[in-house]
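The structure under discussion is supplied below as structure tokens; questions concerning it will follow.
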Amino acid sequence: MFKYIAVQLINLTGLTGRVADSLEFWVYDTLKITVILLGVVFAVSYLRTYLPPERIRDFLKGKKALVGYVLAGVLGIISPFCSCSTVPLFLGFVGVGVPFGMTITFLTVSPMVNSAAIFVLFGSFGWELTIAYVLGGLTVGMIGGGGLMLLGFERYVMDFDFAANGDDPDVTNKSAKKRLREAYEDAKEIVGRIFPYVVIGVGLGAAIHGFLPEGFIQNTLQGALAVPAATALGIPIYTNIMGVIPVAESLIGKGLPVGTSIAFMMSVAALSVPQFVLLKQVMKRNLIIAYGGIIGFGIMLLGFVFNMIF
Amino acid sequence: MKVEILGSSGCSTCKSLKQDVESIVEDMGKEDEVEVVKVTDPAKFASYGVMSTPGLVVDGEVKFKGTVPSKEEIREVLA
């Protein structure tokens, strides 16, 4: 359907050739991503009215080992879309005694695996890669969280007091109308914030799609260093994951190996300076370095593995 | 009365909550009695037991956390 709209629109402009090709990609992908984003964000926001962080926290507090880590990872996937909520969540978790390792698992999976990205990836690349993306992110988060716990990194959390104050949000007595209103407000806010990134990201993807010469990537971006290079390149670029998927999509279309593209995509979304500056308020340096290191190495590892299997 | 809005700098729902509160305070003609402050320090959120933003604190008591209250709800806690 989106394809049809895009093709019709481009026909109206009377353009042909590369420009038409790029424009079609732009319109098609912007429509597709925006619609998926609206649907998923609304659905997840609605679900979250049943599952405020206080509940997640109480859930994890009593869990032991494996179950807890898997849950922490899954919760990371459906966690809020704004990096500004990460730090208060972290403090809340640690403050009431969720095991430190599970907290780190949550914090690692949350930026790496995004619930809306799952649907877009599925639409663009099929289920094999989508499942690998989810499982890969979860594995890195679980190993990272468990590892830091064993190494005793908990001592690098800044001291702070967490007080129980006020009643926990009442999740059982909300009317459906109130839930819908909250989900709508959430979706409006999130999609509004992300939309510019989508337009720009798809624009870039479209330009690559239409104008990057075939063979350019094969000649320049190959070899063993491609994955680390793609990961490093993603650090200074900070955008929403929805903005970088179309870029990755075009790069794969032009022959960039899947693992290298995914590494770039995850790095742009998960490794960012602003995020680490925020974390510095609550974590000492060693912990931040370890946390960043886990994500960085995890992304590279996934990149290499995906290049081998896809 | 002191009203604190808890929200980190990148959080846009927190900004809109602050605007809502300010306009309601004005509507009620209580600019002189009510002081509205934005709190961005996450350690402070923790000291209030708030782990999801925005949060609304009135005279040291947490009224809302993790949701944007409706205008009527805000009016109620400011009354």
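I'd like to check one number: the per residue accessible area of the protein assembly as shown, probe 1.4 Å, reported in Å² as a whole number.
Solvent-accessible surface per residue comes out at 45 Å².
Counting only protein heavy atoms, what percent of the accessible surface of chain B is carbon or sulfur at a 1.4 Å probe?
Of all accessible area on chain B, carbon and sulfur atoms account for 42 percent.
Only loop residues by DSSP count here, and only those with at most 14 other Cβ atoms within 10 Å; note down the trypsin sites (Lys or Arg not before Pro) in region A:219-296 that meet that.
Those satisfying the criteria are A:Lys280, A:Lys284.
Which lysines, if any, have their Cα less than 16 Å from the Cα of B:Lys15, not counting same-chain residues under 8 positions apart?
Excluding near neighbours in sequence, the set is A:Lys188, B:Lys38, B:Lys65, B:Lys71.
Ordering A:Ile33, A:Ile235, A:Ile309, A:Ile288 by how much accessible area each has at a 1.4 Å probe, largest first, what is the list?
A:Ile309, A:Ile235, A:Ile288, A:Ile33
Please state, as a whole number in µm²/s, the translational diffusion coefficient that the Stokes-Einstein equation yields for chain B at 10 °C and 1.306 mPa s, with Rh defined as the Kirkwood radius across alpha carbon pairs.
For the chosen part, D equals 129 µm²/s.
Something else now. With a cut-off of at most 13 other beta carbons within 10 Å, and DSSP calling the residue loop, which GluC sites (Glu not before Pro) in chain B qualify? Please list them.
Counting only loop positions with at most 13 other Cβ atoms within 10 Å, the GluC sites (Glu not before Pro) in chain B are B:Glu31, B:Glu33.
Using only the Cα atoms of region A:184-310, build the gyration tensor, take square roots of its eigenvalues as a ≥ b ≥ c, and label the shape rounded, prolate or oblate: rounded if a/c is under 1.5, else prolate if a/b is larger than b/c, else oblate.
Oblate, because a/c is 1.5 or more while a/b does not exceed b/c.
A further question on this structure: Got a sec? Which residues of region A:179-204 lose 40 Å² or more of accessible surface with every protein chain in place, vs. that chain alone, 1.4 Å probe?
Residues shielded by partner chains are A:Arg181, A:Glu189.
If you restrict to DSSP beta bridges whose two residues both lie in region B:2-78, what percentage is antiparallel, to the nearest 5?
Of the beta bridges lying entirely in region B:2-78, close to 60 percent run antiparallel.
How many square angstrom of accessible surface are buried between A and B, both sides summed, with a 1.4 Å probe and rounding to 100?
That pair of chains buries around 1900 Å² in total.
Here's a follow-up. Compute log10 of I(q)/I(0) for chain A with the Debye formula, placing one identical point scatterer on every Cα and leaving out solvent, at q = 0.07, 0.14 Å⁻¹, to two decimals.
-0.29, -1.09
The values are calculated or read from the model by the stated rules, or taken from the named source; none is laboratory data. Fair warning: this is a prediction, and the values are worked out from it, not measured in the lab. Using ideal geometry, Cβ is built from the backbone for each residue, glycine included, and neighbour counts are taken over all protein chains shown. Ligands, DNA and RNA are stripped out before the accessible areas are found, and what is left, the full protein with its side chains, is counted by its heavy atoms. Shrake-Rupley method; radii C 1.70, N 1.55, O 1.52, S 1.80 Å.
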